[in-house]
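Beneath this line is the structure, given in structure tokens, with notes to follow.
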Amino acid sequence: MSEIITVKNMSKSYGDHRVLKDISFGFESGQIIGLLGPNGSGKTSLIKILVGLINDYTGEVLIDGKRPGKASKAMVAYLPEKTYLADWMKVKDAINYIADFYPDFDKAKAFKMAEGFKLPLNQKAKTMSKGMQEKLQLILVMCRNAKLYILDEPMGGVDPAARQFILDTIMKNIPEGSTILLSTHLIYDVEEIFDSVLMIGKGRVLVKTETERIRAAGKTVEQLFKEVYGSVWETD
């Protein structure tokens, strides 16, 4: 099985501040990968490089053998942490907008999911709660037939009762053979779905392993996370 994500000796700096420091890792396709680390660890910068939003880095980054760019964006579905919907957009506008951009987008499925999420088609984004906006953005991502889904805190704005529903939605809509890279602080809620985890801190890879190995050692992913990072949480 080929690698869907390949990173070799990659570094990224903002001025004199180096946020990613000569990191290397790779993941084969068909996995659900947990991207874990405290605030300020470099997760968001890494994600933006993988999806092609940041280009001024050193080293090599490949998505299914291609450098992040036009070709890779056609195979990557990205859910950012912050809402990107325009205030004027209604639910139906957002669905039609994404359908125009991506040939692999299933518009009929998106309207069906919106109904299941109880999102009124004529409601504008500016009148939605953060949780409603995140559900809409999740629909826009999971209704694509992508090779790689990169989800940045997909459950950050919803209450605990809705998290399992969103998690189920993600799991039920992954095309066979596709990969998910999921960044989250809610490790306890989602660790059961991870095949592998990547923990980064201070811009370096601290742990890259399969979850089977963690469990074989008698630990949970959350327990290992606490051991790796201790009680120190960096701030952005």
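Among the DSSP beta bridges whose two residues both lie in the chain, what percent are antiparallel, rounded to the nearest 5?
Working: 22 of 39 bridges.
Just about 55 percent of them are antiparallel.
Quote the convex hull volume per residue of the chain, based on C-alpha atoms, as a whole number of Å³. Could the numbers behind the result be given before it?
On the way: hull volume 31.1 nm³, N = 236.
Cα convex hull per residue, to the nearest whole number: 132 Å³.
Report the Rg/Rh value for the stretch 1-69, based on alpha-carbon coordinates and the Kirkwood definition of Rh.
Numbers: Rg = 11.9 Å, Rh = 12.5 Å.
Ratio value, two decimals: 0.95.
Which distance in nm do the two modelled labels at ARG163 and LYS109 give, with both placed 7 Å along the Cα-to-Cβ direction?
With each label placed 7 Å out from Cα toward Cβ, I get 2.6 nm.
Pop out the carbon and sulfur fraction of the accessible area of the chain as a percent, whole number, probe 1.4 Å. Could you put the intermediate results ahead of the total?
On the way: 5760 of 11680 Å².
C and S fraction of accessible area: 49 percent.
Using only helices, what value at 222 nm comes out for the chain when you add -39,500 (n - 2.57) per DSSP H run of length 4 or more and divide by the total residues, to the nearest 500 deg cm²/dmol? The partial results should precede the final answer.
Details: 9 runs with 78 residues, N = 236.
Calculated mean residue ellipticity at 222 nm is -9000 deg cm²/dmol.
For each pair in LYS112/LYS172; LYS130/LYS202; LYS21/LYS48, compute the distance between the two Cα atoms and list the pairs where it is over 22 Å.
Pairs exceeding 22 Å: LYS130/LYS202.
Pull out the extension gain between LYS82 and GLU60, defined as 0.36 nm times the separation in residues minus the alpha carbon to alpha carbon distance; nm, one decimal.
Numbers: separation 22, 0.36 × 22 = 7.92 nm, distance 2.70 nm.
Stretched out fully, the LYS82 to GLU60 stretch lengthens by 5.2 nm.
Quick check: the angle from helix 130-142's long axis to the longest principal axis of the chain, C-alpha only, nearest 10 degrees?
80
Please compute the per residue accessible area over the chain with all protein chains in place, 1.4 Å probe, rounded to a whole number of Å².
I get 49 Å² per residue for the chain.
Along the Cα→Cβ direction, 7 angstrom out, place labels at SER2 and GLU176. What is the inter-label distance in nm?
Computed distance between label sites SER2 and GLU176 equals 2.0 nm.
Placing +1 on the Cβ of each Lys and Arg and -1 on the Cβ of each Asp and Glu in the chain, which of GLY26, ILE63, SER196 has its Cα farthest towards the positive end of the resulting dipole?
The listed residue farthest towards the positive side: ILE63.
To test your reading of the geometry: what angle, between 0 and 90 degrees and rounded to tens, separates the Cα axis of helix 91-101 from the longest principal axis of the chain?
60
Ignoring ligands, DNA and RNA, how do PHE101, PHE117, PHE165, PHE111 rank by accessible area with a 1.4 Å probe, largest first? Numbers along the way, then the final one.
On the way: PHE101 125, PHE117 15, PHE165 90, PHE111 65 Å².
Ranked list, largest accessible area first: PHE101, PHE165, PHE111, PHE117.
Note the full-extension length gain between ASP16 and TYR102 as 0.36 nm times their separation in residues minus their Cα-Cα distance, in nm to one decimal.
Fully extending the segment from ASP16 to TYR102 adds 27.2 nm.
Output needed for the stretch 63-104: three equivalent-ellipsoid semi-axes, defined as square roots of 5 times the C-alpha gyration tensor eigenvalues, in descending order, whole Å.
On the way: eigenvalues 119, 34, 9 Å².
The three semi-axes for the stretch 63-104 are 24, 13, 7 Å.
Mark the label point 7 Å from the Cα of LEU206 along Cα→Cβ and return the residues of the stretch 31-48 whose backbone N is within less than 17 Å of it.
Counting backbone N atoms under 17 Å from the label point, the list is 34-46.
Rg and Dmax of the stretch 1-132 over Cα atoms: what are they, in angstrom?
Radius of gyration, then largest Cα-Cα span, for the stretch 1-132: 17.6, 48 Å.
Quick one: what do you get for the stretch 112-158 if you divide its Cα Rg by 2.2 N^0.38 Å? Let's see the in-between values first.
Working: Rg = 11.2 Å, N = 47, 2.2 N^0.38 = 9.5 Å.
My calculation over the Cα atoms of the stretch 112-158 gives 1.18.
The values are calculated or read from the model by the stated rules, or taken from the named source; none is laboratory data. Values in this document were obtained by computation on a predicted structure and should not be read as measured data. For neighbour counting, all protein chains shown are included, and Cβ atoms are generated from backbone atoms with ideal geometry for every residue, glycine included. Ligands, DNA and RNA are stripped out before the accessible areas are found, and what is left, the full protein with its side chains, is counted by its heavy atoms. Shrake-Rupley method; radii C 1.70, N 1.55, O 1.52, S 1.80 Å.
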